[in-house]
Amino acid sequence: MLSKVISLGDRLELKKTGSDNKKKEIGDEPDRTYISQVYEVINEDELKIAMPIVEGRIVPLPLNGRFDLCFYTSHGLYQCRATVTDRYKEDGLFVLQIEITSELKKYQRRQYFRLECTLDILYKILPKEEVLEVITNKDNIQEFLHSGLEHGVALDISGGGMRFTSKQKHNLGDCIIIVVKIKKNNDNVMCILPGTIIRTGRIHHRDDVFEHRVEYNNLQGAVRETLIKFIFEEERRMRQKEKG
């Protein structure tokens with residue numbers, strides 16, 4: 001099945017399995033999602049993929065490291081587990097060889113499809129009750145938009161959450177409203193995204209920039225669908241651009 005679904009150049013995400021989620025080598029971080037690309041389908045159980053690059057540096061994931069994989073293919077999203085069996089340089093490319101250790105299954109939960117991006121955002125930390133007041137009243141939304149919002153940059157976005165950076169330090173559990181403009185039918189649409197900060201910390205080698213992970217709460221169904229449609233259209237556009 002692997003060779004029928006996975007193709008050369010397909011993008012994939014790798015994240016350490018829960019039982020293997022701890023640091024083993026320099027550059028290998030728990031909870032990080034790594035981005036890679038399929039280099040070669042060796043057989044029905046083995047692949048060659050590009051070593052991930054994080055902040056401009058190659059990350060040699062650990063030998064025998066176990067990862068959850070999500071492939072972005074022309075047939076849809078597919079998931080499986082895999083183990084890193086080898087790593088080397090081939091034809092100028094740093095390669096990981098991986099062995100698939102579970103069944104390849106189609107991934108149906110579209111809201112967790114994450115798009116890497118660089119999008120300007122505005123946001124504000126508010127008490128939970130004020131968040132609800134803003135998102136349930138259009139007049140409150142207009143007032144909120146003129147209330148002195150912080151600036152940030154989205155690094156990835158999905159129908160379930162967002163990762164962004166800013167110069168402000170925040171706390172786990174902080175309630176937040178994010179404002180982001182995305183394209184819809186050649187127009188810019190403003191999305192109001194209420195959520196909670198579920199992870200936060202300083203950017204490596206930068207004391208003045210913080211990275212935050214947000215999970216949406218009470219997000220309107222229409223807004224979520226708009227986000228998901230935008231994400232899939234952007235992913236399709238990037239795939240077509242890469243293939244020429």
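The values are calculated or read from the model by the stated rules, or taken from the named source; none is laboratory data. These numbers come from a predicted model, not from an experiment. Cβ: placed from backbone, ideal geometry, glycine included. Neighbour counts: every protein chain shown.
Results, tabulated for the structure shown:
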| item | result |
| --- | --- |
| Test: residue in segment 226-238 that is hydroxyl-bearing (Ser, Thr, Tyr) and either surrounded by fewer than 11 Cβ atoms within 10 Å (Cβ to Cβ) or in a strand (DSSP E or B) (or both) | no |
| Candidates VAL214, VAL223, filtered to the one that is farther than 20 Å from THR33 by Cβ and either surrounded by 16 or more Cβ atoms within 10 Å (Cβ to Cβ) or modelled with pLDDT under 95 (or both) | VAL223 |
| Scan of segment 1-56 for residues that are more than 15 Å from the chain's Cα centre (by Cα), under 22 Å from HIS205 (Cβ atoms) and at pLDDT 90 or above, ordered by number | MET51 |
| Matching entry among LEU122, LEU149, LEU126, LEU132 (being modelled with pLDDT under 95, in the same structural domain as LEU219 (by TED's automatic domain parsing) and under 28 Å from the mean Cα position of the chain (by Cα)) | LEU132 |
| Single residue of segment 128-178 satisfying the filter (of a type in the set (S, T, N, Q) and not in a loop (DSSP other than H, G, I, E, B)) that is surrounded by the fewest Cβ atoms within 10 Å (Cβ to Cβ) | GLN142 |
